[in-house]
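The values are calculated or read from the model by the stated rules, or taken from the named source; none is laboratory data. In this text, all values refer to a predicted model and were calculated from it rather than measured experimentally. No Cβ is skipped: glycine too gets one built from the backbone with ideal geometry, and neighbour counts run over all protein chains shown.
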Amino acid sequence: MQHLYIVGHPVGHSKSPVMYNKLFHDLGLTWSYDFKDIDTSAQADVFLQSKDYLAVNVTTPYKPNAYQCAQTRAASAKIAAGVNMLVNRSGVLVGFETDGTGCIRDLERIYGPVAGADIVICGTGPTSRAIAYAAAFAGAERVSLIGRSVDRSRSILQQLADTWRDLAYTSVDLPASSSGQLSFKEAYEAVTFRCGGYATSAQALHNADIIIDATPLGMKANDPAPFDTSVLRSDQLVYDVVYGHGETALIAAAQACGCHAMTGQGMLVAQAVENATMLLNVEGVSNVPSWDEMFALMADAAGFAC
């Protein structure tokens, strides 16, 4: 029996176990996917370093821990400075960050390509950075990272740019992963990155085609929106990565304004499909379903109408 887990705190709300277990069952695999709710950072390090698993998905607040535990890291993980999936390959922990790809694939699945879009991302953590990275690959014209502190946003964006530049110009350019995507170097060179704070970015928020909230706001009852929602326009797309906790303040305001509004349900499924596809291929599993087939199966298992 191979064991897999969702690691974080809290994780009881997660739909990951039911999604992955349904997939494994349908493929005839004797793999078990369970919750691993861990109270402290030190305890998370002990478990992650134990390597007592085939793979783990990692959520708030332990993505930086998983990044430090990874012995080999994908470019997406290096740029995000976080890992949402660790795969145990013969005792070597390989770290990936697929939240960004999951977010953009879900967004494009519903509303079409983001190429040429002006995208504002709220938050400066690993998920925000991963989404910025994926948006650039998808050909967004402008990507802005905004947070509570202008200085922190500027520092995080500089780290992201420095890491991306070093990877882009010290290795062979990674080709586009699919039609319509940019290569690794093209994405770095073509996209305009900006940063700011909520209090100083009202115009950027108002002008954006797409606003993505990648903060934890909304996970608790009565959490406010990250910014003054009076800046919203009715023709904007507002995407909140939080799901399953009721309607967030941001989604409520976006709907009231007439915006297109999306929760993170589809992102959860899309990143799970990315992770599962990668893991199944690495483990040599035959008859892996297509991306669309896997998305439909996992979304249905989670009870999501997406």
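Note on region 114-158: residues that are in a loop (DSSP other than H, G, I, E, B), touching a strand residue (DSSP E or B) at 6+ places or on another chain (Cβ under 7 Å) and buried (at least 19 other Cβ atoms within 10 Å of the Cβ) amount to 5. Would you confirm, using the coordinates I've provided, whether residue 169 is more than 28 Å from residue 293 (Cβ to Cβ), without any contact (Cβ under 8 Å) to a residue 40 or more places away in the chain and aromatic (Phe, Trp, Tyr)? Yes; evaluated as a whole, the condition is true for this residue.
In region 64-78, which residues are of a type outside the set (Ser, Thr, Tyr) and in contact with a Phe, Trp or Tyr (Cβ under 8 Å, 6 or more places away or on another chain)? Reasoning before the result, please.
First pass over region 64-78, keeping only residues of a type outside the set (Ser, Thr, Tyr): 64-66, 68-71, 73-75, 77-78.
Within region 64-78, 73, 74, 75, 77 meet the criteria.
Number of residues in region 181-229 that are of a type in the set (Lys, Arg) and either under 30 Å from residue 166 (Cβ atoms) or outside the structural domain of residue 252 (by TED's automatic domain parsing) (or both) equals 2. Number of residues in region 54-105 that are hydroxyl-bearing (Ser, Thr, Tyr) and at positive phi equals 1.
Applying the criterion of being crowded, with 20+ Cβ neighbours inside 10 Å and more than 20 Å from residue 101 (Cβ to Cβ) to the residues of region 260-306, the residue that is farthest from the chain's Cα centre (by Cα) is 301. Given the condition crowded, with 21+ Cβ neighbours inside 10 Å and either hydroxyl-bearing (Ser, Thr, Tyr) or not assigned by TED's automatic domain parsing to the domain that holds residue 32 (or both), answer yes or no: does some residue in region 67-84 qualify? Yes.
I need a count of the residues in region 189-215 that are surrounded by fewer than 16 Cβ atoms within 10 Å (Cβ to Cβ) and not hydroxyl-bearing (Ser, Thr, Tyr). Write out each step before concluding.
So the first thing to find is which residues in region 189-215 are surrounded by fewer than 16 Cβ atoms within 10 Å (Cβ to Cβ), and the list is 189-190, 192, 199-200, 202-203, 206-207.
Checking which are not hydroxyl-bearing (Ser, Thr, Tyr) leaves us with 189-190, 199, 202-203, 206-207.
Selection size over region 189-215: 7.
Condition first: of a type in the set (Gly, Ala, Ser), buried (at least 24 other Cβ atoms within 10 Å of the Cβ), part of a loop (DSSP other than H, G, I, E, B) and under 19 Å from the mean Cα position of the chain (by Cα). Can you find one or more residues in region 96-113 that meet it? Taking every residue of region 96-113 in turn, none turns out to be of a type in the set (Gly, Ala, Ser), buried (at least 24 other Cβ atoms within 10 Å of the Cβ), part of a loop (DSSP other than H, G, I, E, B) and under 19 Å from the mean Cα position of the chain (by Cα). Within region 127-166, the set of residues being among the aromatic types (Phe, Trp, Tyr) and in contact (Cβ under 8 Å) with a residue 60 or more places away in the chain comprises 164 only.
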